[in-house]
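For reference, the structure is listed below as structure tokens.
The values are calculated or read from the model by the stated rules, or taken from the named source; none is laboratory data. Fair warning: this is a prediction, and the values are worked out from it, not measured in the lab. No Cβ is skipped: glycine too gets one built from the backbone with ideal geometry, and neighbour counts run over all protein chains shown. These accessible areas exclude ligands, DNA and RNA; they are computed on the full protein's heavy atoms, side chains included. Shrake-Rupley method; radii C 1.70, N 1.55, O 1.52, S 1.80 Å.
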Amino acid sequence: MLSMELRGVTKQYKQKKAVDDFSLKLEEGVYGLLGANGAGKTTLLRMLCNILKPTSGIVLCNGMEIDEMDGEYRRILGYLPQQFGYYPNMTAERYLRYLAELKAVPPGLIDSKIEELLELVELSEMRKKKIKTFSGGMIRRLGIAQAMLNDPEILILDEPTAGLDPKERIRFRNLISGFSKNRIVLLSTHIVSDVEYIADRILLMKQGKLIGQGNLEEIVEQVEGHVWTCMVDAQTAEEYNRKYAVSNLKNQGEKVELRIVASQKPVEDAVSVEPGLEDVYLYYFEQETEE
Amino acid sequence: MKRKKTELWSLYGAGRDRRFWKLAMKNITVDSLKKQQALRMISQTAGEKRIISRPSLVHKIGVQIRYLEKGYFVFPVLLMSGALGIVNGMKQTGVREVELFTVLSAVIALLGIFGTISISRLFSNHMGELEASCFCSIGELVAIRMTLSAFINGVLLLACSIVMRGWIQMEFLRILLYILTPFLVSNCLYYAILLRMRDKNIILSFGATGILSGAVWSFFLRNSLVYARGAMAVWIGMAVCSGMILIGEIHWLLKGAEKGEMICYQWN
């Protein structure tokens, strides 16, 4: 069974510890990495991709250090960086062909693989067009296609759905769900609903550390009793919005219904409600989001 | 039975494979059910196995040649041909040898730009991070592009030296030295830029440095004393020093690319 393990991984760049003594074991399945901006998610993913070397600690794949596996590790890896790179003057097809060569995809499989993936991300008609003419969503879809070129056993996606419209996001979720069998898929995103729908396990990262992990129920359970709703007038709603972490605000005629995430009951007539993953995000990362 | 066995092994020993197997198969009863099961298992295992390709170094170089924009090969040739054309024209008008070298040095200072741009392109448009996640390591890609650029420039510089040798009365090695030194010094500058600059400003900086260093060379080299035999030691010193600095810069670049911090924080 495929497995990845991080043992006490730390990455320090200049004075800042982007990732701090991070330990984690990943087995086959889809993992959603949640954290505010600057939590160290991208640095962690880069280390998992063997692009950045940890300052201390080790990353293992099936018990072997990925640094020692070198190219053999990257052979089974697919990666979509947050800032997806491309040569603007290349056509989509030529670009995929170039990356297929770099990924050492067997020459006999390159054509069929490109065909299959362009079809999958609905870019077949654009194959001969230069990438610089593509929209943001199309570029992102091309990024997803390149990550899957070598049929990776480990797929790491940094903000994969950024720039995709709702229809494309749903398509992406289905694509990942179908692809994830017998593989490790790790995606980092700000879009909580993506994680909610496709991740088997959720990882919460804050200030370079893993602060929680579990399936959706286990994670949501952690904030049970900390989510409240109340009806207030518009002026009070504004005041509470500044004072508390408000996960939803809905106008109901003259009144406003607020959904507040707080450890203590915020107002006397507030009612405790079932939490969702967005509430969890707000509970853990509200302060950092404001920063 | 014993005779049969002996006959069988004598055939095997003699290397007559077909007859050996024919005889051997006669003595084996095949369980068709087990055979089907075994074939199914083999087919399943083969299906699960990842087909692996191990590209050779020649293949990797071929890939880089195929996907590099043709301008990186064409422009240096055009530049050098143009320079030699100008030098030839000047020679016809009876210009001094020193003046010829001045023009050549200014152009040669620009020659290294194409190679360094082709390397910097590996990291442009956020490609470095993506390329670093592929089977072929980013260090390997940088090294291949460096080798290609060194090959093109080496051939051009050598050709230029041979042509110049035919035009002027000077030892070949001395001509080579006068041509090689501006190339090495300007390359030191380009690599220094490559090591320090961020992606978006890099092409502009290369261009500005190339033009500036070309101008500086053509200004200083107008003095005929520079090409006097007595100044040879200075030329050799400059060539050796810039060559050593260049090696140091290349080492730093390869190390930085492999470590990842340059790709992720500086060039991204």
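Being open to solvent by 40 Å² or more (accessible area, probe 1.4 Å) and at negative phi is not true of residue B:87.
Apart from one condition, residue B:75 fits all of (1) assigned to a helix (DSSP H, G or I); (2) over 24 Å from residue B:124 (Cα atoms); (3) away from chain A (no Cβ under 14 Å); (4) open to solvent by 80 Å² or more (accessible area, probe 1.4 Å); the exception is (2). If a residue has to be more than 15 Å from the chain's Cα centre (by Cα), assigned to a helix (DSSP H, G or I), within 14 Å of chain A (Cβ to nearest Cβ) and not small (Gly, Ala, Ser) to count, how many in the stretch B:113-171 make the cut? Going through the stretch B:113-171 one residue at a time, the tally reaches 7.
Take the stretch B:37-53 and flag every residue that is under 22 Å from residue A:101 (Cβ atoms) and small (Gly, Ala, Ser).
Residue satisfying the conditions is B:53 alone.
Only residues that are more than 9 Å from every other protein chain (Cβ to nearest Cβ) and assigned to a helix (DSSP H, G or I) were counted across the stretch A:58-72, and they come to 4.
Among the residues in the stretch A:185-192, are any assigned by TED's automatic domain parsing to the domain that holds residue A:35 and either over 30 Å from residue A:48 (Cβ atoms) or open to solvent by 30 Å² or more (accessible area, probe 1.4 Å) (or both)? So far as the stretch A:185-192 goes, yes, one or more of its residues are assigned by TED's automatic domain parsing to the domain that holds residue A:35 and either over 30 Å from residue A:48 (Cβ atoms) or open to solvent by 30 Å² or more (accessible area, probe 1.4 Å) (or both).
I'd like the full set of residues that are open to solvent by 30 Å² or more (accessible area, probe 1.4 Å) and either in contact (Cβ under 8 Å) with a residue 12 or more places away in the chain or touching a Leu at 6+ places or on another chain (Cβ under 9 Å) (or both), limited to the stretch B:224-239. Residues satisfying the conditions are B:224, B:226, B:232, B:236, B:238.
Yes/no matrix, rows are residues, columns are (1) surrounded by fewer than 21 Cβ atoms within 10 Å (Cβ to Cβ); (2) touching a Phe, Trp or Tyr at 6+ places or on another chain (Cβ under 8 Å); (3) not aromatic (Phe, Trp, Tyr):
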site: B:169; (1), (2), (3): yes, no, yes
site: B:176; (1), (2), (3): yes, no, yes
site: B:181; (1), (2), (3): no, yes, yes
site: B:187; (1), (2), (3): no, no, yes
site: B:191; (1), (2), (3): no, no, no
site: B:202; (1), (2), (3): no, no, yes
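Screening residue A:174 on (1) among the polar types (S, T, N, Q); (2) assigned to a helix (DSSP H, G or I); (3) at positive phi shows it passes everything except condition (3). Kindly list the number of the only condition in (1) over 22 Å from the mean Cα position of the chain (by Cα); (2) more than 8 Å from chain B (Cβ to nearest Cβ); (3) buried (at least 18 other Cβ atoms within 10 Å of the Cβ) that fails for residue A:55. With respect to (1) over 22 Å from the mean Cα position of the chain (by Cα); (2) more than 8 Å from chain B (Cβ to nearest Cβ); (3) buried (at least 18 other Cβ atoms within 10 Å of the Cβ), residue A:55 is out only on (3). Which one of these is open to solvent by 10 Å² or more (accessible area, probe 1.4 Å), over 16 Å from the mean Cα position of the chain (by Cα) and within 11 Å of chain B (Cβ to nearest Cβ): A:95, A:86? Every option except A:86 fails the conditions.
Filtering the stretch A:217-262 down to residues that are part of a loop (DSSP other than H, G, I, E, B) and farther than 28 Å from residue A:197 by Cβ, which residue is most open to solvent (accessible area, probe 1.4 Å)? Per the stated criteria, the residue is A:254. When the residues of the stretch A:99-112 are filtered to those that are in a helix (DSSP H, G or I) and surrounded by 20 or more Cβ atoms within 10 Å (Cβ to Cβ), the one that is farthest from the other protein chains (Cβ to nearest Cβ) is A:100.
Answer yes or no as to whether residue A:98 is within 24 Å of residue A:163 (Cβ to Cβ) and free of Cβ contacts under 8 Å to residues at least 12 places away in the same chain.
yes
The single condition among (1) surrounded by 14 or more Cβ atoms within 10 Å (Cβ to Cβ); (2) farther than 17 Å from residue B:191 by Cα that residue B:213 does not satisfy is (2).
I'd like the residue in the stretch A:10-50 that is in a strand (DSSP E or B) and open to solvent by 60 Å² or more (accessible area, probe 1.4 Å) and, out of all such residues, is modelled with the lowest pLDDT. Only one residue fits best here, namely A:13.
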